[in-house]
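The values are calculated or read from the model by the stated rules, or taken from the named source; none is laboratory data. What you see is a predicted model, and the numbers here were worked out from it, not measured in a lab. Ideal geometry is used to build each Cβ from the backbone, glycine not excepted, and the neighbour counts take in all protein chains shown.
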Amino acid sequence: MKTLSLGYSPCPNDTFIFYALVHGKIDAGGLQFKEILLDVETLNQMALKGKLDITKVSYNAFGNLCEDYCLLRSGGALGKGCGPLVVASKECEMKDLKGKTIAIPGELTTAYLLLQLYEPDFRNNVKVMPFHEIMGAVKEEKVDAGLIIHEGRFAYPSYGLKKIIDLGEWWERETGLLIPLGCIIAKRSLGIDVISKVERLIRESVQYAMSRRDEPVKYIKKHSQELYDSVIAEHINLYVNDYSIDIGNDGIRAVRKLLEMAEERGIIKKSANPLCINLDS
């Protein structure tokens with residue numbers, strides 16, 4: 001029995017996706033997984049140190065991990081209408097926030113990458129904090145604005161906050177492509193046989209949860225920052241979709257474009273490795 005470390009976030013989309021895999025609902029074929037539930041920025045940092053065999057990371061982080069990790073085609077988060085938002089306590093425009101402090105959920109998050117691609121100047125006035133603290137900090141005017149992700153997309157009106165820009169909408173207008181947010185990656189050193197098996201198991205885990213949507217609810221609520229059933233359901237419906245089963249050619253094109261733009265801006269380093277170990281991509 002081979003044991004692999006598996007990192008993912010406590011957010012509803014991830015616990016939904018991995019429920020069947022870590023609870024023995026599908027035949028793992030001689031593999032077992034030691035799950036590690038941490039916020040995505042912590043997982044990003046752990047992956048940079050090579051501490052995890054399989055893990056969820058931001059696409060921004062993956063751009064700096066391509067030498068040692070490959071992209072899995074299943075388990076990720078990308079789609080349409082699912083991008084990060086910049087919010088503030090008062091109505092304003094993005095140009096009004098230049099020189100102001102913007103709270104971000106991590107320097108390696110895709111949300112922060114999209115902010116930098118939108119306007120590089122904003123990188124000079126950011127404050128990193130856990131994603132679940134950002135809306136409260138904006139409401140209490142500890143920062144001027146916040147870059148929010150995950151269930152914050154649905155919860156920010158309850159804090160009395162105003163949406164300043166949807167960076168996902170901006171990305172879609174600029175590129176006409178899907179929004180790549182988070183992905184599952186595997187150490188290349190595991191080899192193609194193990195990686196292909198893990199990829200298949202994650203795909204089966206997603207399909208299991210999709211066909212039995214009520215079954216994972218208790219596990220999801222145990223770990224979620226947001227406990228309202230309606231918010232959890234919205235979160236899963238938005239971030240878990242057909243591209244979570246397989247990223248597809250549209251997804252690969254979107255990822256390539258994101259990484260190319262980040263390389264051009266000097267945000268990530270260029271890699272000669274293919275994105276996926278079993279696909280010439």
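Please go through the stretch 12-38 and pick out each residue that is out of contact with any strand residue (DSSP E or B) (no Cβ under 8 Å at 6 or more places or on another chain) and either outside the structural domain of ASP229 (by TED's automatic domain parsing) or buried (at least 19 other Cβ atoms within 10 Å of the Cβ) (or both).
Within the stretch 12-38, PRO12, PHE16, TYR19, ALA20, ALA28 meet the criteria.
Return the total of residues in the stretch 261-280 being without any contact (Cβ under 8 Å) to a residue 40 or more places away in the chain and not basic (Lys, Arg).
Going through the stretch 261-280 one residue at a time, the tally reaches 4.
Exactly one condition in (1) outside the structural domain of VAL194 (by TED's automatic domain parsing); (2) within 30 Å of ALA20 (Cβ to Cβ) is not met by SER74; state its number.
So SER74 meets the others, but not (1).
Please note which strands (runs of 3 or more DSSP E) are completely contained in the stretch 1-102 and include at least 2 residues that are in contact with a helix residue (DSSP H, G or I) (Cβ under 8 Å, 6 or more places away or on another chain), closer than 24 Å to ILE165 by Cβ and not aromatic (Phe, Trp, Tyr).
77-79, 85-88
Identify all residues within the stretch 1-25 that are among the basic types (Lys, Arg) and modelled with pLDDT of 95 or more; write none if there are none.
Matches in the stretch 1-25: LYS25 only.
Here is a list: ILE102, ILE184, ILE134. Which entry is assigned by TED's automatic domain parsing to the domain that holds THR15 and β-branched (Val, Ile, Thr)?
ILE184
Identify, please: which residue in the stretch 235-273 is farther than 29 Å from GLU119 by Cβ and of a type in the set (D, E, K, R) and is, among those, surrounded by the most Cβ atoms within 10 Å (Cβ to Cβ)?
My answer is ASP246.
Hey, could you check the stretch 116-158 for residues that are surrounded by fewer than 22 Cβ atoms within 10 Å (Cβ to Cβ) and part of a strand (DSSP E or B) and say which is nearest to the chain's Cα centre (by Cα)?
Looking at the filtered set, the residue picked out is VAL128.
Answer yes or no: is there a residue in the stretch 239-260 that is among the small types (Gly, Ala, Ser), in contact with an Asp or Glu (Cβ under 7 Å, 6 or more places away or on another chain) and touching a residue at least 24 places away in the same chain (Cβ under 8 Å).
There is no residue in the stretch 239-260 that is among the small types (Gly, Ala, Ser), in contact with an Asp or Glu (Cβ under 7 Å, 6 or more places away or on another chain) and touching a residue at least 24 places away in the same chain (Cβ under 8 Å).
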